[in-house]
Each structure stands twice: as structure tokens, then as C-alpha cells.
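First comes the structure, then the notes that go with it.
Taken together, the values in this text are just the output of simple stated rules run on the coordinates, not laboratory data. Note that the structure is a prediction, hence the values are computed from the model and not measured. FYI the Cβ positions are ideal-geometry reconstructions off the backbone, even for glycines, and counts take in every protein chain you see.
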Amino acid sequence: DTGVSQNPRHKITKRGQNVTFRCDPISEHNRLYWYRQTLGQGPEFLTYFQNEAQLEKSRLLSDRFSAERPKGSFSTLEIQRTEQGDSAMYLCASSERQGAYEQYFGPGTRLTVT
Amino acid sequence: AQSVAQPEDQVNVAEGNPLTVKCTYSVSGNPYLFWYVQYPNRGLQFLLKYITGDNLVKGSYGFEAEFNKSQTSFHLKKPSALVSDSALYFCAVRDGFTGGGNKLTFGTGTQLKVEL
């Protein structure tokens, strides 16, 4: 595996339901990021992990959102009681700890809340 | 706070002509600057970065970018555009100050259309 993978690629849910997305970073990367992208906008930072520690969270990450990276490998992003405003593309990225600063992005999970 | 501005929603250029996609930024400390490209229904693909050193940086697929500190700009360029370059381009910045965190702040994107 040479890239970041995300599952599912698409998710349609009804308002009020809970959803969970998964991200598998590049294997040697210990930093993992979540972003949200809406139509016509650039990605917006949500949260960041170094290994299993969640080191930074955006104000965009309301209390309905929670992210975990329990073993410092894959990560999950859960949205509880989804709202129509949560409809967006959720992007995951990873990067190395030392040296390189660029983040490598997965294909994203497109969430539609009906 | 850090921010990025991409003043053009769309840039049209004829194949074979040079292209420029503009980006200006604002950060408190030293800027770490990046360009990404996004094709339809796909994630962002890293093109190039400026961290320090030479103001002209070269990246993937023949793209380059010029860092200008006095104008706080980081414009993306290519000497000869291809139809296959047509995509959505994002400029991003990260504050290089140690306490600045690791998040990238992106611009709103510029749609590049290269026509025959």
C-alpha cells in the first residue's frame, strides 16, 4: 500500500443518525490529519494526531464530532446526530514526523445527510 | 492566524502557453507554502513546497513556484500548459513557527482550464 486509504468512499445517511469513517495512513507516517471540504471551498482543518495522541482540534469540531487513533495506526472520525450541514467531503492526510512537511491525502469520504 | 488568498476562481490558457496561478498568504512566522492539485472525485495531490532556500522551487509534472517574501506571494507556474493540467489547484500555508501547529490553511482554489 503506497497511499492513504479511506472508507467508505461515499455515505448517505438520514439526519440524526451516527456515522463513522475510517482512515488508514501511509504505513511509516506517524502524523494523521482530518479535514473537511465543502463545495467551492478549500479543505478546512479539523484535527491532528501524532501517533495516538490528539494534539490539536479546530473549533469546527463540535461536540458531535469525535476522532480516535487508538494504536497510532488507523483513525476513525465519528459524527453523532448528523445534520444537513455536515454534508461534505471528509479528507484524511498523513505525514512523516521528521523532515518532510507535506501531507499526503486520501481520496476522501463524501457524506450526504438527507 | 494564517490565511491564503487565491484571487482567481478560474484561469483559462491555451495549450502550449505558459500558465500562472496566483497565491498570496499571511502568517505570523516563517511561511511553509504548498501547492496541491485536485482532479474530480479524487483527493488532493501534492505538487511542490517551499520551506527555505531558493525562492524558485520545482515540483511534479513540470510545475514550479516562486516565493516572494516582500509581496507575500507564492505563484504557481508552468512554461507550457497541457490539456491534462486542467484541474483544481489549491495553495496552502503552514506557520513555520514552532508553536504554530501543523495544520495547513488552504485557499479557495483556482480552476485551471487548458484548451486546445
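Computed quantities for the displayed model
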read-out	value
Rg(Cα) / (2.2 N^0.38 Å) computed for segment B:18-88, rounded to two decimals	1.12
Residue-averaged beta-carbon neighbours from other chains (10 angstrom radius) around A:28-41	2
Relative contact order of segment B:1-88, defined on C-alpha pairs under 8 angstrom at six or more residues apart (%)	32
Of B:Lys22/B:Lys69; B:Lys49/B:Lys113; A:Lys11/B:Lys77; A:Lys11/B:Lys49; A:Lys57/B:Lys22, pairs whose Cα-Cα distance is over 25 Å	A:Lys11/B:Lys77; A:Lys11/B:Lys49; A:Lys57/B:Lys22
Trypsin sites (Lys or Arg not before Pro) lying in DSSP loop within segment A:1-82, provided at most 15 other Cβ fall within 10 Å	A:Arg9, A:Lys14, A:Arg15, A:Arg59, A:Arg64, A:Lys71, A:Arg81
Residues of segment A:27-64 with amide N under 14 Å of a point placed 7 Å along Cα→Cβ from A:Arg81	A:62-64
Average beta carbon contacts from partner chains per residue of B:41-48, 10 Å cutoff	6
Kirkwood Rh in Å, taken over segment A:54-114 so that all alpha-carbon pairs contribute	13.4
Centroid-to-centroid separation of segment B:64-116 and segment B:32-52 [C-alpha atoms, Å]	7
Computed over the protein assembly as shown, Cα set: Rg, Dmax in Å	17.7, 52
Formal net charge of residues neighbouring B:Lys78 (Cβ-Cβ distance under 10 Å; K, R +1; D, E -1)	-1
